[in-house]
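Chemist: Dropping a structure here in structure tokens format, bear with me for questions.
The values are calculated or read from the model by the stated rules, or taken from the named source; none is laboratory data. Remember, it's a predicted structure, so these values are computed and weren't measured experimentally. Ideal geometry is used to build each Cβ from the backbone, glycine not excepted, and the neighbour counts take in all protein chains shown. Side chains are part of the model used for accessible areas, which takes the heavy atoms of the whole protein and leaves out ligands, DNA and RNA. Shrake-Rupley method; radii C 1.70, N 1.55, O 1.52, S 1.80 Å.
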Amino acid sequence: MNRVKIAPSLLAADFGNLQKEVEMVNESEAAWHHLDIMDGLFVPNISYGMPVVSTISKYATKPLDTHLMIVDPDRYIQTFADLGVYLLTVHYEACTHLHRTIQAIKASGMKAGVALNPHTEVSLLENILTDLDLVLVMSVNPGFGGQSFIPQTYKKVEKLRGMINEQSATALIEIDGGVSSANASKLVEAGADVLVAGSSVFKAENPAKMISELASSNLS
Ligand code: DX5
Ligand code: ZN
């Protein structure tokens, strides 16, 4: 089994010390930086926009994993590509023409992901799975950091892992919301490849050590 990738969510970082927080992730065992973009329409919260993404991009030395919680994400695909984003994830629930959106992300040179809200059934991705680089399974309702993990997620991950294997697809499975050392190993066992962690990392006494602990999930 491959080592799980950790993607710390900068939403929980101290924005007054953003450069320092990004550098902590650079120097840690994290694989990616996770960026959460919220528009106050698709989700009931507004996070941050292009100037902040540009600042993160300037200091980050690891790939930018960007999670768009916005309506009509096609409007900003080229902008995120220009800002140096590595992987752009859009929500299934926010895209009328998902296939077209995925192709547009790839045409702009980025990897493409699709996120599913907790109530969205994984089988809805059956016809597009082999086009995807990543499926993000939301384990809380999107919009806020610091919420409690929804246990139903384990079953969804197992089912998605089965679909990916069956189709010989290469999409990675990423879990986002309420991830901590209490559920990380079980998520890896269920089939997760990438774990997003906001509060559990940035509110920890030693964030880099917490990243390292999460990266060792299911290794013992
Ligand atoms: C929630 C975001 C998450 C969030 C995770 O809508 O997509 O990435 O920052 O934060 P925690 O790990 O605190 O649940
Ligand atoms: Zn996210």
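Chemist: Give me the one-decimal nm value for the distance between modelled label points at residue 159 and residue 130, 7 Å along each residue's Cα-to-Cβ direction.
Modeler: My value for the distance between the label points is 2.3 nm.
Chemist: Still on this structure, I have one more. Tell me the mean residue ellipticity at 222 nm calculated for the chain from its helices only (DSSP H runs of n ≥ 4, each -39500 (n - 2.57), averaged over every residue, nearest 500).
Modeler: The helix-only estimate for the chain comes to -9000 deg cm²/dmol at 222 nm.
Chemist: Follow-up question, since we're still on this one. Mind checking the per residue accessible area of the stretch 106-207 for me, 1.4 Å probe, whole number of Å²?
Modeler: Details: 4350 Å² over 102 residues.
Result: 43 Å² of accessible area for each residue.
Chemist: Further question on the same structure: Report in % the part of the accessible area of the stretch 88-171 that belongs to carbon and sulfur, leaving out ligands and nucleic acids; probe 1.4 Å. Kindly include the intermediate steps, with their values, before the conclusion.
Modeler: Working: 1810 of 3870 Å².
Answer for the stretch 88-171: carbon and sulfur cover 47 percent of the accessible area.
Chemist: Restricting to lysines 8 or more places apart or on different chains, can you count the pairs in the stretch 52-199 with Cα atoms under 16 Å from each other?
Modeler: Total qualifying Lys-Lys pairs in the stretch 52-199 comes to 4.
Chemist: Carbon and sulfur together cover what percent of the accessible area of the stretch 1-43 at a 1.4 Å probe radius?
Modeler: Taking all protein chains in place, the stretch 1-43 shows 44 percent carbon and sulfur surface.
Chemist: Could you report the accessible area of residue 154 in Å², rounded to 10, computed with a 1.4 Å probe on the protein chains as they sit in the structure?
Modeler: 40 Å²
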